[in-house]
Structures are given as C-alpha cells and as structure tokens.
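Step one of this worksheet: look at the structure below.
The values are calculated or read from the model by the stated rules, or taken from the named source; none is laboratory data. In this text the structure is predicted, and so the values were computed from the model without any measurement. Every residue, glycine as well, gets a Cβ built from its backbone with ideal geometry; the counts of neighbours run over all protein chains shown. Keep in mind that these areas ignore ligands, DNA and RNA; they rest on the heavy atoms of the full protein, side chains included. Shrake-Rupley method; radii C 1.70, N 1.55, O 1.52, S 1.80 Å.
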Amino acid sequence: MDELNKALHTSFIDKSFPSNKDLRPKLFFNDYKRRMNLAFEITKRLKECDYFEFSVAFISESGLAVLKQILLNLKEKGVKGRIITSTYLGFNAPKMFKQLLSFTNIEVRIFEQEHCGFHPKGFIFHTGDHRDIIVGSSNLTQTALESNQEWDLFFTSHENGELASQVSNEFDIQWELSTPLTNEWIESYKETYVKPVR
C-alpha cells in the first residue's frame, strides 16, 4: 500500500517525488519514434495477470492477430478472461466472432440493447489483490493498438479502491445485459450482417 501511495503522490501532487514507475497512473499512446504502443502495454499486463476483463466496442481480425500469441499462451496456462463487445454499427464481422469463440478460456458476451449504442474501451487486469485498468479511446483493432493517435489512461488500484470498484461494477452490469456468444448466435448474425462501407 505504501508503494501505491507514493506512486499516487508522484502522479497527482509532485512529479519529482520518487516512486515505483510501474504503479503510477499514466497516459498510454502510440508513438513509433519512442517505441511506444498500446499493444505492448496490454500484452505486458496479460502476461502478468491472473484474470482479465475487456469491454470494447469494436474488435477486428487484425486486432486479434496482434494479441493472438499471448491469448494462446494464456489459454495454455489456464488464465481465464471475459470480453464484452457488440454489433454496434456493424463493425464486428462474423469471422471475428468465430475467432473469439475459439479461445475456450475466454467467455464472450454481446451487448445488443436496442435503446443505446455500445462504445466503451476498457481493459481490466486482475493480479492478486490489485487491478491494472486502462480506459480510453482504443478499440481492439491493429491500428488502434499500434499506430492511431489514441489516448488511454492507465491506473493501478487495490481491489477495494473506489474507482476500481466502480469500473468492475459497470462491467458486471454490462455483462448481465449481454448475450452469450455461441455458434448459433454467430450463424444468426451472419444472416443479417451487412459489411459497413468505410
């Protein structure tokens, strides 16, 4: 707890205060000149976590390809996860949903509430009694993970922290409102899916 307090002091009170850099809240963005991208940050935290949860509107096949090896590694290690995504604006293709379904350690649900669009981008990594959380503008697409101009805020919290609890509670609400991803659901989606013009 003391190390986390020091990191918060550095981030919000005095940037010169010495603390553990890995625990400080920070802004993630893609910058090839400085060899920074969100794909690296997500992969790093997936390698270290006990469990993960993603709530992300748009997922592309190319985005899954960026994370495919680490997701396969997690499958072999028995690390489980939950992902909520959507059919919003027709972005997510049936083939991508089929790929998601192949990860048997990941439970996937589809948010399909007619009264509202689904547009979050949040990544929760559970490690012991701490949570690493990333919330911002990045979807799970290759360009968002590696090259787009995106802003994503990162913070580490104890599991009992107010903000971490709020994020987890909202995830659970979305989860309960969502439909489990199955082969039957994908076949039904194929019948009505129209690839959007971009």
In units of 2.2 N^0.38 Å, the Cα radius of gyration of the stretch 72-159 is 1.20
With +1 at each Lys and Arg Cβ and -1 at each Asp and Glu Cβ, the charge dipole magnitude of the chain around its Cα centre, to the nearest 20 debye, comes out at 880
The chain accessible area per residue, 1.4 Å probe, protein heavy atoms, integer Å², reads 56
Using alpha carbon centers only, the stretch 138-198 is separated from the stretch 80-96 by a whole-angstrom value of 8
Beyond 31 Å (Cα-Cα) in this structure, taken from K26/K80; K121/K195; K26/K95; K121/K190; K26/K190, we find K26/K95; K26/K190
For H115, the accessible surface traced by a 1.4 Å probe with all protein chains present amounts, in square angstrom to the nearest 10, to 150
Cα-based Debye curve of the chain sampled at q = 0.13, 0.18 Å⁻¹ gives log₁₀ I(q)/I(0) of -0.72, -1.33
Of the accessible area of the stretch 110-198, computed with a 1.4 Å probe and all protein chains kept, carbon and sulfur make up a percent value of 51
Among chymotrypsin sites (Phe, Trp or Tyr not before Pro) in the stretch 66-164, those in a DSSP loop whose Cβ has at most 15 other Cβ atoms within 10 Å are W151
Rounded to the nearest 5, the percent of antiparallel DSSP beta bridges in the chain equals 70
Here the longest stretch of the chain that holds no GluC sites (Glu not before Pro) in a DSSP loop having at most 14 other beta carbon atoms within 10 Å is 1-111
